[in-house]
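Only one structure is covered here, and it is reproduced in the block below.
Just so it is clear, none of the values below were taken in a lab; they were calculated from the coordinates. The model shown is predicted, which means the values in this text are computed figures rather than measured ones. FYI the Cβ positions are ideal-geometry reconstructions off the backbone, even for glycines, and counts take in every protein chain you see.
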Amino acid sequence: MNNAIASHPEPTNTVKETLSRHMLADGFDFVMDFDKSQGSWIHDRITGKNYLDMFSMFASASIGYNHPYLVEKSAWLGKMAVNKPTLADVYSQEFADFMTVFERVAIPKELQYCFFIEGGTMGVENAMKACFDWKTRKNFEKGLDLEAGICIHFKQAFHGRSGYTLSLTNTSDPRKYQYFPKFDWPRILNPHLTFPITEENLEETIKNENLALLNIEEAILSNPNKVACIIIEPIQAEGGDNHFRDEFFVGLRKLCDQNEVLLIFDEVQTGIGITGKMWAFEHFSVAPDIISFGKKAQVCGVLANKEKFDEIPNNVFRESSRINSTFGGNFIDMIRFQLVLEVIEKENLLENAQVVGEYLLLGLQGLAQKYPNKISNARGRGLMCAIDLPSGIERNHLQELMYEENVIILACGDQSIRFRPHLNVTTEEIQMAMDKIEVCLAKMQ
């Protein structure tokens with residue numbers, strides 16, 4: 001008898017049945033065994049199968065399951081979980097210890113203001129609130145009695161599913177935003193790259209960049225002193241793993257600086273090492289004024305440019321209660337993140353993401369060359385890689401076949417597969433995934 005079943009007297013296959021009595025439980029059909037899942041592998045309590053995890057809990061699990069360092073610290077984590085402090089107003093040595101590690105390992109010199117909250121969407125929303133406040137107070141300084149409440153954003157963007165972010169998200173699955181009230185804010189063409197970068201593809205991208213920048217300028221001029229911010233994902237994740245040129249970000253930065261508009265980079269999915277740098281914006285020659293973070297960070301929030309925001313003395317980072325929440329971020333998530341950061345630092349996982357990410361991208365490019373009628377547009381930075389299939393139907397078929405082969409991958413965009421391995425994934429595990437793709441492509445012939 002399977003030990004995963006024998007060790008539990010209650011039948012584990014009733015998990016979804018129990019959950020379904022009170023909630024929609026249409027997720028994966030495995031039941032995760034927390035004890036037996038290790039590294040890049042998820043163990044199913046019901047079947048005993050091990051699944052190679054190339055989705056990392058929707059890009060939120062940073063260093064795999066049951067990392068030895070976190071297991072070593074599990075008693076301390078458990079002790080800390082007894083209480084849940086309201087972090088904006090009640091401080092502890094543990095909170096200060098976390099901030100010391102965060103500052104050393106991950107807070108960039110450009111973005112010294114911190115704000116913590118639970119949920120990536122809320123990180124984005126509070127970044128927007130910080131910008132609305134800043135621009136409005138800039139107007140007041142000029143003698144304009146005018147509130148600035150417009151956020152320029154891009155097609156195929158995903159920034160969340162509540163509040164202000166519902167007015168931004170517009171990926172290929174309308175269930176995530178349709179029928180909910182939204183603001184009619186300017187939505188701009190996203191001039192992403194197509195791979196491989198040929199002369200023809202590049203010419204088309206540059207044409208789209210120029211059009212996008214022109215449309216942004218028109219939107220700002222059409223709404224004088226009302227546009228507070230431009231928001232973009234450095235790599236549009238759910239929208240299709242869309243990559244942009246440095247030159248486009250330079251153009252955005254220039255428009256923002258010329259018009260006293262703030263630039264937000266949504267780093268909820270691109271942050272904390274997956275691109276081979278701590279933050280994706282570090283690949284480019286411009287810095288945003290503020291970023292949102294979450295997922296791999298465990299706790300969510302924003303980091304902002306102190307010098308820029310301090311142009312307004314009573315900005316939201318200095319005036320009490322302008323932005324806040326009861327818990328000010330989840331304390332246990334925060335100290336788990338501290339341990340994750342220590343692992344990233346000790347094990348040099350940014351370099352691992354670069355090296356193994358290059359191996360992954362080369363593997364995907366090889367598949368595109370070998371199966372040109374099935375695989376195209378292989379692309380990536382670090383471990384954040386993706387490919388396209390000819391259609392959404394074929395993409396979904398490949399995803400299903402991979403699951404049957406015990407490999408979990410994610411869809412994105414209209415016809416893309418995205419890879420989101422853990423930061424400590426090995427080349428051997430990546431090669432297993434590549435081999436399984438070939439097996440599945442053969443079945444699709």
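List of remarks:
- Under 19 Å, Cα to Cα: Lys pairs in segment 11-163, sequence gap 8 or more or different chains: 5
- Computed from phi, the 3J(HN,Hα) profile of segment 45-57 under the Karplus parametrisation 6.51, -1.76, 1.60 (θ = phi - 60°) reads 5, 7, 9, x, 5, 10, 9, 6, 8, 10, 10, 6, 6 Hz, with x in place of Gly and Pro.
- Cβ-Cβ distance of L211 and Q431, R₀ of 56 Å, FRET efficiency by 1/(1 + (r/R0)^6): the value works out to about 0.85.
- Taking a ≥ b ≥ c as the square roots of the eigenvalues of the Cα gyration tensor, segment 76-129 is oblate, since a/c reaches 1.5 or more and a/b is not larger than b/c.
- Candidate aspartates and glutamates - alpha carbon under 14 Å from K443, same-chain residues fewer than 8 apart omitted: E394, E400, E404, E405, D435
- In order along segment 114-122, the Karplus-derived 3J(HN,Hα) couplings, from 6.51 cos²θ - 1.76 cosθ + 1.60 at θ = phi - 60°, round to 10, 9, 10, 7, 8, x, x, 4, 5 Hz, and Gly and Pro are given as x.
- 5 angstrom amide H check on I117, placed H, neighbours 5+ away: C300, G301, G329
- Whole-Hz Karplus values for segment 145-160 come out as 8, 9, 7, 9, x, 10, 10, 7, 9, 10, 4, 6, 7, 10, 10, x Hz, taken residue by residue from phi with 6.51 cos²θ - 1.76 cosθ + 1.60 and θ = phi - 60°; glycine and proline positions read x.
- On full extension, the segment bounded by M32 and N83 gains 15.7 nm, given 0.36 nm per residue less the C-alpha separation.
- No disulfide-compatible partner, judged by a Cβ distance under 4.7 Å, exists for the following cysteines of the chain: C114, C151, C256, C300, C385, C412, C440.
- The chain - charge dipole about Cα centre, Lys and Arg +1 at Cβ, Asp and Glu -1, debye rounded to 20: 620
- Ordering H283, F140, S321 by the projection of their Cα atoms onto the charge dipole of segment 80-344, which places +1 on the Cβ of Lys and Arg and -1 on the Cβ of Asp and Glu, puts S321 at the extreme positive end.
- The simple spin-label model puts a point 7 Å past each Cα toward its Cβ; for L19 and D414 those points are separated by 3.2 nm.
- Proximal aspartates and glutamates to K306, defined as alpha-carbon separation beneath 15 angstrom and excluding residues fewer than eight positions away on the same chain: E103, E110, D133, D289, E319
- Euclidean distance of C-alpha centroids, segment 388-414 and segment 35-111, integer Å: 28
- Oblate is the label for the chain, because the ratio a/c of its alpha-carbon gyration tensor axes (a ≥ b ≥ c) is 1.5 or higher and a/b is not greater than b/c.
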